[in-house]
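Here's the structure, in structure tokens; my notes come after.
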Amino acid sequence: MSGAILRLDDVHTDIGQYHILHGISLNVPEGGVHVLLGRNGAGKTTTLRTVMGLWRARKGAIVFRHHDITAMPTPDIARLGIAYVPENMGIFGGLTVEENMRLASTTGRFDDERLGRIFALFPAIEKFWTSQASGLSGGQKQMLAIARAIVERRELILIDEPTKGLAPAIIRAMIGAFREIATETTILLVEQNFLFARSLGRGVAVIDDGRIVHHGDMAALASDEALQTRLLSLSLAEHQ
Amino acid sequence: MNALLDRVGGVYALPVILAILAFAAIGSTSTWVTLTAAGLAMGMMIFLMASGLSLIFGLMDVLNFGHSAFVSFGAFIAASVLAALGAWLAADSVLLNIAALMAAIAAATAFGALAGWGFERVIVKPVYKDHLRQILITMGALIVAEQLLLAIWGGTPIAVARPAFLTGSIIIGDVAIEAYRIFALLLGLVVYVGMYLALNRTRIGLLIRAGVENREMVESLGFRIDRLFIGVFMAGSALAAMGGAMWAGYQSLITPALGQELMIIVFIVVIIGGLGSIQGSLLGAILVGLMTNYVAFLFPKLALASNMLLMMAVLLWRPYGLKPAVKG
Ligand SMILES: Nc1ncnc2c1ncn2[C@@H]1O[C@H](COP(=O)(O)OP(=O)(O)O)[C@@H](O)[C@H]1O
Ligand SMILES: [Mg+2]
């Protein structure tokens, strides 16, 4: 398919002896926010980890632009321009905020103009620049994790449940930040919070039990209450 | 107890507290100073051996039971180089003395780095992420290395020559401190400061500290941890061999069993200090060095047991050691 920045084609992933992904096929078009919805344990995190090469697909293909990344080592995948914000945020607590940010820069240096924009999006990053990251609050850590993913312009950012456990005010601030980030890069967002997902997403796919059970436009899903009820009772029953 | 300790400098106050307790028990200032100097010197040599092991585990979760082979080889290579340079050692010129000593330490360290590279590629690389096989294969490698040691140097103890300028003691009032101990202490400090700067002031150091915390995240940011790990493994092995070389000069009589004997202490130090942190290794090494020397004087029969007790006490109090690296 043309226009897709990331394509998964019949991807099967095992964790240990368990067969977790049962043939995921997914197209992420270039630009904007695309959402992967699904209830707890559906396989969202496993899908993102498989794209990053942190789990290995046993079968199927993962193509990023024209690169087949199915068997590529994780660092090489990252160097193609994919950033990953894991569910646990992956903050280095023993390092300072600055050191966390510096690691995400391939050269170890910062672009001042870009850094200024990041500070404007997430003032806490500037405020706690020289503090040890372990001392940040949950919301601040999440902001650092996202800031780290945009220290340099990436082609694609994979973000795993950024709103989990955050206060509504922080979530609202994050919507603005995501909109701005999505103007220069493509975001694949894993979410369980439908309101958050709906306000951002262009495309949406719903995953259940290691399979894609629906995909289409977010607008269509947002306006079709019957479909929402069917899919979201499936995907979000445990959360509402 | 924790709050009180934090007010006097946290866990770093422990060696000072130990030294004060020992002072009260020993009673004689000159004996106490001698024992303390011996403990610090021993601690610095153990630190050289322990810090590499700790980082190797911290970065890749690799349990290397073969680490002591680098200590033994370092000791024997240094002894051979010193023997070959006997004329320089005995010479009146301090410069020649130092040259011989440096050559011995450099030879051992270079061997450690090279052998570490081969060991990592051949023995360790195939068993990343598999602790049971790591233990089995590195122990197997250790047995092979010990047989090699026997085949090359034989089983009888070997006398190690000491450079003339480090033979005597430095006497201040009624206190005598062996010159070699001061040398060991200084060299250990230099290595510690070097490591500290490398870890805290360089980009490679930043990557290592981050990798100890969360290997996957460092890879997700685009860095090859496996390449970084080879470097850390080589450096750790080189430091172990350097520690062995220093130890050979300290003991003046070495046997092939030296690596194994030291390894028990090294493991105790790594566990007390906390895996993956060189501050922890230094703290653990100093505590164990002091403890060994004080107890050997006060209750000679309890020297090794005292370290085991120290380890158990620390683990009951802080299950991850005194200064563990943050794990993500
Ligand atoms: N490390 C693991 N070992 C075994 N099973 C796992 C592991 N991680 C995830 N799983 C299983 O895989 C399934 C999908 O998990 P995950 O991708 O984390 O779901 P989601 O992110 O959608 O909540 C779940 O059934 C979960 O129990
Ligand atoms: Mg998940």
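The values are calculated or read from the model by the stated rules, or taken from the named source; none is laboratory data. Owing to the predicted nature of the structure, the values given are computational and were not obtained by experimental measurement. Please note: Cβ atoms are built from the backbone with ideal geometry, for glycine as well, and neighbour counts cover all protein chains shown. Heavy atoms of the whole protein, side chains included, go into the accessibility calculation; ligands, DNA and RNA do not. Shrake-Rupley method; radii C 1.70, N 1.55, O 1.52, S 1.80 Å.
Residue by residue, here is whether (1) modelled with pLDDT of 95 or more; (2) open to solvent by 60 Å² or more (accessible area, probe 1.4 Å); (3) more than 9 Å from chain B (Cβ to nearest Cβ) holds:
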| residue | (1), (2), (3) |
| --- | --- |
| A:Pro86 | yes, no, no |
| A:Ile91 | yes, no, no |
| A:Gly94 | no, no, no |
| A:Val97 | yes, no, yes |
| A:Met101 | yes, no, yes |
| A:Ala104 | yes, no, no |
| A:Gly108 | no, no, no |
| A:Trp129 | yes, no, yes |
| A:Gly139 | no, no, yes |
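Scan segment A:146-169 and report the pairs whose first residue is over 21 Å from A:Arg117 (Cβ atoms) and whose second residue is among the β-branched types (Val, Ile, Thr) and surrounded by fewer than 22 Cβ atoms within 10 Å (Cβ to Cβ), with Cβ atoms within less than 9 Å and a gap of 6+ or a chain change. The qualifying pairs are A:Asp160/A:Thr45; A:Glu161/A:Thr45; A:Thr163/A:Ile170; A:Thr163/A:Ile171. Restricting attention to segment A:36-51, the residues that are β-branched (Val, Ile, Thr), touching a Leu at 6+ places or on another chain (Cβ under 8 Å) and within 6 Å of ligand 1 (Cβ to nearest atom) total 1. For segment B:268-315, enumerate the residues that are among the β-branched types (Val, Ile, Thr), over 13 Å from the mean Cα position of the chain (by Cα) and crowded, with 24+ Cβ neighbours inside 10 Å. Scanning segment B:268-315 gives a single hit, B:Ile272. For B:Ile265, the test of being in contact (Cβ under 8 Å) with a residue 60 or more places away in the chain, in a helix (DSSP H, G or I) and open to solvent by 10 Å² or more (accessible area, probe 1.4 Å) is passed. Look at A:Ala71 and say whether it is within 16 Å of ligand 2 (Cβ to nearest atom) and part of a loop (DSSP other than H, G, I, E, B). For A:Ala71, the condition - within 16 Å of ligand 2 (Cβ to nearest atom) and part of a loop (DSSP other than H, G, I, E, B) - is not met. Any residue at all in segment A:137-144 that is closer than 16 Å to A:Ala177 by Cα, part of a strand (DSSP E or B), touching a residue at least 24 places away in the same chain (Cβ under 8 Å) and not aliphatic (A, V, I, L, M)? Within segment A:137-144, none of the residues are closer than 16 Å to A:Ala177 by Cα, part of a strand (DSSP E or B), touching a residue at least 24 places away in the same chain (Cβ under 8 Å) and not aliphatic (A, V, I, L, M).
Scanning segment A:170-188 for residues being without any contact (Cβ under 8 Å) to a residue 24 or more places away in the chain and in a loop (DSSP other than H, G, I, E, B) gives a total of 1.
Considering every residue within segment A:78-85, establish whether at least one is within 14 Å of ligand 2 (Cβ to nearest atom) and either among the hydroxyl-bearing types (Ser, Thr, Tyr) or under 11 Å from the mean Cα position of the chain (by Cα) (or both). Lay out the reasoning, then the answer.
Our first condition is that a residue be within 14 Å of ligand 2 (Cβ to nearest atom); within segment A:78-85, this holds for A:84-85.
Next cut, either among the hydroxyl-bearing types (Ser, Thr, Tyr) or under 11 Å from the mean Cα position of the chain (by Cα) (or both) only: A:84-85.
Scanning segment A:78-85 turns up at least one residue that is within 14 Å of ligand 2 (Cβ to nearest atom) and either among the hydroxyl-bearing types (Ser, Thr, Tyr) or under 11 Å from the mean Cα position of the chain (by Cα) (or both).
Within segment A:64-75, the residues that satisfy the criterion of being surrounded by fewer than 17 Cβ atoms within 10 Å (Cβ to Cβ), within 20 Å of A:Arg154 (Cβ to Cβ) and more than 8 Å from every other protein chain (Cβ to nearest Cβ) are A:Arg65, A:His66, A:His67, A:Asp68.
Here are B:Thr156, B:Thr167, B:Thr202: which of them is surrounded by 14 or more Cβ atoms within 10 Å (Cβ to Cβ) and polar (S, T, N, Q)? Step through it out loud before you land on a result.
Working: B:Thr156 fails: surrounded by 14 or more Cβ atoms within 10 Å (Cβ to Cβ); B:Thr202 fails: surrounded by 14 or more Cβ atoms within 10 Å (Cβ to Cβ).
Unique residue meeting the criteria: B:Thr167.
Taking segment A:199-212 as the range and being open to solvent by less than 30 Å² (accessible area, probe 1.4 Å), of a type outside the set (Gly, Ala, Ser) and closer than 20 Å to A:Thr46 by Cβ as the test, the residues that pass are A:Val204, A:Val206, A:Ile207, A:Asp208.
There is no residue in segment B:272-279 that is touching a Phe, Trp or Tyr at 6+ places or on another chain (Cβ under 8 Å), away from chain A (no Cβ under 14 Å), part of a loop (DSSP other than H, G, I, E, B) and not β-branched (Val, Ile, Thr). When A:Ala133 is tested against (1) within 10 Å of chain B (Cβ to nearest Cβ); (2) open to solvent by 10 Å² or more (accessible area, probe 1.4 Å), only condition (2) is not met. Scanning segment A:188-205 for residues that are under 13 Å from the mean Cα position of the chain (by Cα) and within 16 Å of ligand 2 (Cβ to nearest atom) yields a count of 6. Counting only helices (runs of 4 or more DSSP H) wholly contained in segment B:17-93, the ones carrying 1 or more residues that are of a type outside the set (A, V, I, L, M) and in contact with a strand residue (DSSP E or B) (Cβ under 6 Å, 6 or more places away or on another chain) occupy B:29-60. Scanning segment B:211-229 for residues that are part of a helix (DSSP H, G or I) and at pLDDT 95 or above yields B:Glu216, B:Met217, B:Val218, B:Glu219, B:Ser220. Out of the residues in segment A:213-229 meeting the condition of being open to solvent by less than 40 Å² (accessible area, probe 1.4 Å) and part of a strand (DSSP E or B), tell me which one is nearest to A:Arg154 (Cα to Cα). Among those residues, the one meeting the criterion is A:Gly216. The residues on offer are A:Phe119, A:Phe196, and the sole one that is surrounded by 14 or more Cβ atoms within 10 Å (Cβ to Cβ) and over 28 Å from A:Phe64 (Cβ atoms) is A:Phe119. Looking at segment B:240-256, is at least one residue in contact with a helix residue (DSSP H, G or I) (Cβ under 6 Å, 6 or more places away or on another chain) and within 20 Å of B:Ala325 (Cβ to Cβ)? Yes, there is a match, as at least one residue in segment B:240-256 is in contact with a helix residue (DSSP H, G or I) (Cβ under 6 Å, 6 or more places away or on another chain) and within 20 Å of B:Ala325 (Cβ to Cβ).
Cβ-Cβ contacts under 8 Å between residues 6 or more apart (or on different chains), taken from a first residue in segment A:95-106 that is on the phi < 0 side of the Ramachandran plot to a second residue that is among the hydroxyl-bearing types (Ser, Thr, Tyr) and surrounded by fewer than 17 Cβ atoms within 10 Å (Cβ to Cβ), are listed as A:Thr96/A:Thr130; A:Thr96/A:Ser131; A:Val97/A:Thr130; A:Val97/A:Ser131; A:Glu98/A:Thr130. Only a single item in (1) farther than 19 Å from B:Leu262 by Cα; (2) open to solvent by less than 70 Å² (accessible area, probe 1.4 Å); (3) touching a residue at least 40 places away in the same chain (Cβ under 8 Å) is not met by B:Ala145, and it is number (1). Looking at segment A:27-39, can you tell me whether even one residue there is within 26 Å of A:Ala222 (Cα to Cα), part of a loop (DSSP other than H, G, I, E, B), within 16 Å of ligand 2 (Cβ to nearest atom) and open to solvent by less than 50 Å² (accessible area, probe 1.4 Å)? Yes.
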